[in-house]
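Visitor: Below is one structure. I have some questions about it.
The values are calculated or read from the model by the stated rules, or taken from the named source; none is laboratory data. Computed from a predicted structure; not experimentally measured. Backbone-built Cβ (ideal geometry, glycine too); neighbour counts: all protein chains shown. We work out accessible area using only protein heavy atoms, side chains counted, and drop any ligands, DNA or RNA first. Shrake-Rupley method; radii C 1.70, N 1.55, O 1.52, S 1.80 Å.
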Amino acid sequence: MADRYFEDYVPGSTQEFGTIKVTEAEILEFATKYDPQTFHTDPVAAAEGPFGGLIASGWHTTAMMMRLLADNYLSKVASLGSPGIDELRWIKPVRPGDELRLRVTVLQARPSKSKPDRGLVHSRIEVFNQDDELVFQAIALNFLLRRPH
């Protein structure tokens, strides 16, 4: 996976990667620093809140997805970054003890017209918990170098 180029991201192909374990300590640390809402930062208050317990910030879930994506899907030799993410959705709360895995499906791979050394890949990103419940989804766009001739 590490040495893949644009041509290796074939539309219709699906791959799964994982897992990453969600801990209460990481939920609290991330939320305290970046998303200080009580259902992310206070287990006692969260138990009485709208989710019935502590949940990870959606941004924390996104960061964990990115870790799985960077470690397993993005090319170490060809990745040129991303112009953005479309249709980001947090479907279901992520809780302490959850184990997350990633499913990535290539939707489109289009060579660049203006920069022939690269292409743009659109991928559907789905994150599932240990019960096979969808907790996150998005469409990621990534620039990748084409294979040198």
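Visitor: For region 13-62, list the helices (runs of 4 or more DSSP H) that sit wholly inside it and hold at least 2 residues that are at negative phi, touching a residue at least 40 places away in the same chain (Cβ under 8 Å) and not polar (S, T, N, Q); which are they?
Guide: Numbers: elements: 24-34, 38-41, 43-47.
The helices (runs of 4 or more DSSP H) meeting that bar are 24-34.
Visitor: Give A56, A25, A47 a once-over and let me know the one that is of a type outside the set (S, T, N, Q) and either modelled with pLDDT under 95 or under 17 Å from Q137 (Cβ atoms) (or both).
Guide: Numbers: A25 fails: either modelled with pLDDT under 95 or under 17 Å from Q137 (Cβ atoms) (or both); A47 fails: either modelled with pLDDT under 95 or under 17 Å from Q137 (Cβ atoms) (or both).
None of the other options fit; the residue is A56.
Visitor: Would it be correct to say that D131 is open to solvent by 50 Å² or more (accessible area, probe 1.4 Å) and assigned to a strand (DSSP E or B)?
Guide: Judged against the criteria, D131 is not a match.
Residue by residue, here is whether (1) open to solvent by 70 Å² or more (accessible area, probe 1.4 Å); (2) at pLDDT 95 or above; (3) of a type in the set (S, T, Y); (4) in a loop (DSSP other than H, G, I, E, B) holds:
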{"residue": "M65", "(1), (2), (3), (4)": "no, yes, no, no"}
{"residue": "A70", "(1), (2), (3), (4)": "no, no, no, no"}
{"residue": "L88", "(1), (2), (3), (4)": "no, yes, no, no"}
{"residue": "L100", "(1), (2), (3), (4)": "no, yes, no, no"}
{"residue": "Q108", "(1), (2), (3), (4)": "yes, yes, no, no"}
{"residue": "K115", "(1), (2), (3), (4)": "yes, yes, no, yes"}
{"residue": "R124", "(1), (2), (3), (4)": "yes, yes, no, no"}
{"residue": "F136", "(1), (2), (3), (4)": "no, yes, no, no"}
{"residue": "R147", "(1), (2), (3), (4)": "yes, no, no, yes"}
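Visitor: Moving on to the next point. Being buried (at least 17 other Cβ atoms within 10 Å of the Cβ) and among the β-branched types (V, I, T) is the filter; apply it to region 19-61 and report the residue that is nearest to the chain's Cα centre (by Cα).
Guide: Step by step, filter region 19-61, then rank; the result is T61.
Visitor: Let me ask something else. Among (1) farther than 26 Å from H149 by Cα; (2) surrounded by 15 or more Cβ atoms within 10 Å (Cβ to Cβ), which single condition is A78 missing?
Guide: Here A78 meets the rest and fails (1).
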